[in-house]
Amino acid sequence: MTTAPTAACARTAPAIHPSILNCDIAHLADELARIEGADGVHVDVMDNHFVPNLSWGLPVVEAVVAHTPLPVDAHLMIEDPDRWGPAYAEAGCRIVTAHSEALVAPVRLARELHRLGAGAGLALRPSTPLEAVEDVLGEFDLLLIMTVEPGFGGQAFIESMLPKIERARRLVGRRGLELRIQVDGGVSAGTIERAAQAGAEVFVAGSAVYGAQDALAAIEELRALARAHAH
Ligand code: DX5
Ligand code: ZN
């Protein structure tokens with residue numbers, strides 16, 4: 001006899017992945033220690049071409065992997081992720097997410113990431129429709145729906161992305177996909193409920209976690225809100 005799930009149709013527990021983009025990078029190891037109760041670490045790689053900002057590349061990501069026990073999720077906001085993506089899997093990232101707008105061969109990259117032992121993620125800018133990637137989603141483990149224009153932390157959550165999250169969730173259910181939906185940008189105690197209700201399961205939060213006095217308490221609060229409103 002099976003027990004009915006408590007939350008309506010939640011397949012998995014919500015996961016909180018703090019983004020270290022705006023942490024104190026001079027004290028990276030300490031900043032990683034502040035979020036040890038999280039479910040993963042989200043590392044934003046920006047090349048100043050795909051987005052108008054420059055963050056860091058492989059050496060820093062390798063240092064993050066070496067200094068946290070948490071799974072690292074690399075969000076590549078770079079041109080030519082077909083070429084650079086596999087190196088992030090080799091660096092030990094648990095999931096490597098590339099933007100669909102920059103990818104030439106998403107299926108080839110997903111299969112290569114899997115061969116290297118990493119999960120494959122596909123990211124959509126706010127203006128990129130779900131339909132653009134629908135046919136290849138079966139190859140991926142994670143769909144990242146951006147809820148801000150990628151490039152910077154601390155921006156406001158774009159509410160009009162909620163229907164896209166809902167549509168993605170329905171598509172996942174209809175096709176029986178093993179795909180988790182991640183949201184990134186402006187996720188806070190004020191917005192996470194609606195994202196969870198719409199169907200997101202993995203929540204990236206930068207300023208809401210690192211801007212808090214007590215990062216662990218912020219993570220717990222976000223997780224509790226997401227759980228209470230799980231789709
Ligand atoms: C923006 C990055 C985000 C950013 C989130 O392009 O992808 O991961 O760090 O920061 P907040 O949570 O402050 O919007
Ligand atoms: Zn990100």
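The values are calculated or read from the model by the stated rules, or taken from the named source; none is laboratory data. Please read these numbers as outputs of a predicted model, since none were measured by experiment. All Cβ positions, even for glycine, are placed from backbone atoms using ideal geometry, and neighbour counts span all protein chains on display. Accessible surface areas use protein heavy atoms only, side chains included; no ligands, DNA or RNA. Shrake-Rupley method; radii C 1.70, N 1.55, O 1.52, S 1.80 Å.
Could you compute the FRET efficiency for Glu159 and Asn53, with r as their C-beta to C-beta distance and R0 at 30 Å, rounded to 0.05?
Between Glu159 and Asn53 the formula returns 0.80.
On the protein heavy atoms, probe 1.4 angstrom, tell me the percent of accessible surface of the stretch 15-228 carried by carbon and sulfur. Roughly 51 percent of what the probe reaches on the stretch 15-228 is carbon or sulfur. Here the gap between Glu131 and Ala33, fully extended at 0.36 nm per residue and compared with their Cα-Cα distance, gives a gain of 31.4 nm. For Trp56, Trp84, the ranking by accessible surface with the largest value first comes to Trp84, Trp56, using a 1.4 Å probe. Using a probe of 1.4 angstrom and keeping all protein chains present, the accessible surface of the stretch 15-228 works out to 41 square angstrom per residue. Debye-formula intensities of the stretch 123-231, expressed as log10 I(q)/I(0) at q = 0.14, 0.22 Å⁻¹, are -0.52, -1.18 (one equal scatterer per alpha-carbon, no solvent).
Distance distribution P(r), the stretch 11-135, all Cα-Cα pairs, bin width 10 angstrom from 0: 13, 44, 35, 8, 0 percent.
Identify which of Gln213, Gln197, Gln155 has the largest mean-square fluctuation in a Gaussian network model of the chain, with springs joining Cα atoms closer than 10 Å. Per the Cα network of the chain with a 10 Å cutoff, Gln213 tops the list. Residues considered: Arg115, Arg94, Arg194. Largest GNM mean-square fluctuation over the chain, using C-alpha springs under 10 Å, is found at Arg115. What would the Debye equation give as log₁₀ I(q)/I(0) for the stretch 15-228 at q = 0.10, 0.12 Å⁻¹, counting only Cα atoms as equal point scatterers? Evaluating at q = 0.10, 0.12 Å⁻¹ gives log10 I(q)/I(0) of -0.37, -0.55. Other residues within the sphere of radius under 13 Å centred on the Cβ of Pro129, judged by their own Cβ, net out at -1 (K and R +1, D and E -1).
Spin-label pair Ala105-Glu166: with each label point 7 Å from Cα along the Cα-Cβ axis, the two points sit 3.9 nm from one another.
How much FRET efficiency would the formula 1/(1 + (r/R0)^6) give for Thr12 and Val60, where r is the Cβ-Cβ distance and R0 is 30 Å, rounded to 0.05?
Working: r = 29 Å, r/R0 = 0.97.
For Thr12 and Val60, the calculated efficiency is 0.55.
Here each label is just a point 7 Å from Cα along the line to Cβ, and for Gln213 and Leu177 those points are 4.2 nm apart.
Ellipticity at 222 nm from helices only: DSSP H runs of n ≥ 4 in the chain, each -39500 (n - 2.57), divided by the residue count, give -9500 deg cm²/dmol.
Given their separation in residues at 0.36 nm each and the Cα-Cα distance between them, Ala26 and Ala228 gain 69.1 nm when the chain is fully extended.
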